[in-house]
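The values are calculated or read from the model by the stated rules, or taken from the named source; none is laboratory data. Since the model is a prediction, treat every value here as computed from it, not as a measurement. Cβ coordinates were reconstructed from backbone atoms using ideal geometry, including for glycine residues, and neighbour counts include every protein chain displayed.
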Amino acid sequence: MPGADCDVVRVVDHDVRPGVESDMGDGDGWPPIRDQVMGSDILVQRVLERLDAELSDTDGQDPMPR
């Protein structure tokens with residue numbers, strides 16, 4: 001987009017710990033990513049949309065079979 005500054009953040013390149021808290025403790029890579037997301041004017045949500053689709057496709061079943 002002309003005139004826009006863009007950052008690409010690949011979560012796979014960071015040590016994002018499993019869990020549902022905004023900070024899962026020492027070494028968690030999520031807090032600085034979250035700060036970027038919260039400070040963004042525009043967020044491309046492709047991954048979030050795809051994950052939402054996964055939840056919709058399960059009809060209440062476990063989305064991650066063991």
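Show the residue pairs that are 6+ apart or on different chains and have beta-carbon atoms under 8 Å apart, the first residue being within the stretch 1-15 and in contact (Cβ under 8 Å) with a residue 24 or more places away in the chain, the second being hydroxyl-bearing (Ser, Thr, Tyr).
none
Rundown of residues vs (1) modelled with pLDDT under 90; (2) touching a strand residue (DSSP E or B) at 6+ places or on another chain (Cβ under 6 Å); (3) surrounded by 10 or more Cβ atoms within 10 Å (Cβ to Cβ); (4) polar (S, T, N, Q), yes/no style:
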position	(1), (2), (3), (4)
VAL16	no, no, yes, no
GLY19	no, no, yes, no
ASP26	no, no, no, no
GLY29	no, no, yes, no
PRO32	no, no, yes, no
ASP35	no, no, yes, no
LEU55	yes, no, yes, no
PRO63	yes, no, yes, no
ARG66	yes, no, no, no
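Consider the stretch 8-35. How many of its residues are in a loop (DSSP other than H, G, I, E, B) and closer than 15 Å to VAL47 by Cβ?
5
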